[in-house]
Amino acid sequence: MTERPSFPQKLGLFALFLNMNETRYPLTVKIMKLNHYPCVLFLIILSCALIAACDSDNLTDPEQMDVLDKGLSGGETTVFDATSHAFSTPAPNLSADGLAKHLAGDVEFEAVFVTVPAEVNPGLGPVYNNISCINCHARDGRGRAPTSGEKLTSMLFRVSLPNPEGNNTQGPVPVPGFGTQLNNRAIFGVPPEGTVTIDYTEGELTTSDGVKVYLRTPSYRIEGAYQPLPDDVELSPRVAPVVFGLGLLEAIPEATILALADEADQDGDGISGKANFVWDVQENRQNLGRFGWKANQPTLLQQVASAYHDDIGITTSLLPRENSAGQPQHDGRRDDPELSDEILDVVTFYVQTLAVPARRDLDDPMVQRGEQLFDSARCSSCHIPTLRTGTLSDVPAVSNQTIHPYTDLLLHDMGPGLADDRPDFLASGSEWRTPPLWGIGLLKVVNGHTNLLHDGRARGLLEAILWHGGEADQSREAVQQMSASDRDALIAFLESL
Ligand code: HEC
Ligand code: HEC
């Protein structure tokens, strides 16, 4: 860290410092939780007194500062919570007005939509995937693929027709009668578009020291389509990703992201990284894509409006026509915005201002060794550890922060094993956006599972890594060649994020 920390940052660092010798941070978890305001006040007063009194050398020693700074994954938006609420806490540096707006957004994020006519939250469907945001992003966390016999709930399938031009700036070609997303549910009296059944084939991979790892490959069957689908339909499975820390990712200057891209791999390291450029409805032009598994959404406003539109069947001023427009399900229904701009605004603000959980076990030697291995296996070429945000207008809480998201927000060719063969704007069928890794060690606590990757096929961190191919092939190979203790250290590091 070269800059001097600001006061709130110093407080955060101090809270982390207090717990460096504990295994995780039990003390801070007890006192920093936002629903304990008197305790937070107490901590602030105590910290001020202690900082003033001891002028601790540890807090000015650059090396110590560096270690401590690594724990603050979301800069001043970091929260010390390793419980099932770890992903659903407001950024602690919000102003009083900001907090009120966030909480208003929280209510709407949980709102359940129903069919017209109704007093509250009408307009569901006619075709949709789920009835509220929270149903897919449970605890603001991640969805998963259904286990056998379960229905699709927190996962959806995008569809399109092959584009003779391949991946291009026009975006996916809609399938007549279905659009670009398969809606597996519909309101009473209306046929759903169809659903997907998933089967897995188990494969096996052996590490150089003889450890067997089982990898499951999914295959998909569209069933119950209300009208025949063309044989060449392209299908892209996507589980709901976590929704915290997103304002910070939106606040990263475009120039920073573009500077990380190396599309022609000019440095010859085998890793390119390509920016997606997608349609920005608000600005009516192409813009850098940042959100979604293929970075196909340029802003959180548009991402949220698309979620209402595509996933719940709710129209907004940004996307005023029903997702079923032109299909028989839409017959005779009104199109006008079903959701107010005010609600769209507070929900956007909500996903912009969810806190990022702090790292744990920073002083564990195994975690520290794992971090070095993360570098030497070149994971950090795509999962960029540290970035600096610029300013995001009207969201000062996420502006000018040093963050540790472990992403470059760029597309990478991950090889045929992970390909969906469905281009999405500039993303080819085998390219995916590097997902942020912050908070990944808390997935089990928050969502009760550790299913990873865009389709949830990996059942844990090691499986996810061993699926890496294409540009990440050398990284995967490095992990396969590691000793068991090195692999454990790498996993321990990921668990600490
Ligand atoms: C049917 C399940 C489902 C529902 C309902 C749903 N989402 Fe999502 N959400 C997803 C999936 C799947 C993705 C990834 C989409 C993609 O990659 O194309 C996603 C992506 C997102 C992202 C981008 C995350 C990132 O890291 O890029 C945000 C923000 C988001 N959703 C917010 C919302 C909001 C707000 C609502 C309610 C209006 C909502 N979602 C409703 C499944 C859902
Ligand atoms: C070439 C860029 C690149 C490199 C190098 C790379 N990754 Fe990834 N990583 C990705 C992309 C892209 C995905 C998403 C793939 C998908 O969902 O199909 C991903 C997914 C992951 C996931 C799952 C995340 C989630 O949210 O589901 C983990 C964990 C992960 N990587 C860890 C690592 C580790 C550890 C290494 C080094 C051994 C590494 N990655 C190297 C690009 C990379």
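Below, the figures for the structure above:
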quantity: Where a residue in the range 82-104 is touching a residue at least 24 places away in the same chain (Cβ under 8 Å) and its partner, wherever it lies, is acidic (D, E) and assigned to a loop (DSSP other than H, G, I, E, B), with Cβ under 7 Å and at least six apart; calculated: T89/D81
quantity: Qualifying residue in the range 124-144 (condition: farther than 30 Å from G194 by Cα and within 16 Å of ligand 2 (Cβ to nearest atom)); calculated: no
quantity: Filtered residues of the range 74-106 (kept if touching a Phe, Trp or Tyr at 6+ places or on another chain (Cβ under 9 Å), farther than 20 Å from Q401 by Cα and not assigned by TED's automatic domain parsing to the domain that holds L248); calculated: A82
quantity: Unmet criterion (only one of (1) more than 24 Å from N276 (Cα to Cα); (2) in a loop (DSSP other than H, G, I, E, B); (3) in contact (Cβ under 8 Å) with a residue 40 or more places away in the chain) for D336; calculated: (3)
quantity: Test: residue in the range 395-405 that is open to solvent by less than 10 Å² (accessible area, probe 1.4 Å), assigned to a strand (DSSP E or B) and away from ligand 1 (no atom under 15 Å from the Cβ); calculated: no
quantity: Count - residues of the range 199-212 that are open to solvent by less than 60 Å² (accessible area, probe 1.4 Å) and modelled with pLDDT of 95 or more; calculated: 1
quantity: Candidate set: the range 251-299, residues that are in a helix (DSSP H, G or I), open to solvent by 30 Å² or more (accessible area, probe 1.4 Å) and touching a residue at least 40 places away in the same chain (Cβ under 8 Å); chosen: the one farthest from ligand 2 (Cβ to nearest atom); calculated: T256
quantity: Filtered residues of the range 300-321 (kept if surrounded by 23 or more Cβ atoms within 10 Å (Cβ to Cβ) and part of a loop (DSSP other than H, G, I, E, B)); calculated: G313, I314
quantity: Flag for R433 being out of contact with any Pro (no Cβ under 7 Å at 6 or more places or on another chain), at pLDDT 95 or above and either near ligand 2 (Cβ under 9 Å from one of its atoms) or within 13 Å of S73 (Cβ to Cβ) (or both); calculated: yes
quantity: Matching entry among V116, V112 (being on the phi < 0 side of the Ramachandran plot, part of a loop (DSSP other than H, G, I, E, B), in contact with a Pro (Cβ under 6 Å, 6 or more places away or on another chain) and open to solvent by 60 Å² or more (accessible area, probe 1.4 Å)); calculated: V116
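One line per residue, one yes/no per condition, for (1) closer than 29 Å to N168 by Cβ; (2) hydrophobic (A, V, I, L, M, F, W, C); (3) within 13 Å of ligand 1 (Cβ to nearest atom); (4) assigned by TED's automatic domain parsing to the domain that holds D375:
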| position | (1), (2), (3), (4) |
| --- | --- |
| L410 | yes, yes, no, yes |
| G417 | yes, no, no, yes |
| I440 | no, yes, yes, yes |
| I465 | no, yes, no, yes |
| G469 | yes, no, no, yes |
| E477 | no, no, no, yes |
| D488 | no, no, no, yes |
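The values are calculated or read from the model by the stated rules, or taken from the named source; none is laboratory data. All values derive from a computational prediction rather than experimental measurement. Methodologically, a virtual Cβ is constructed for each residue, glycine included, from the backbone with ideal geometry; neighbour enumeration extends over all protein chains shown. The protein model used for the area step is the full one, side chains on, heavy atoms only, and it has no ligands, DNA or RNA in it. Shrake-Rupley method; radii C 1.70, N 1.55, O 1.52, S 1.80 Å.
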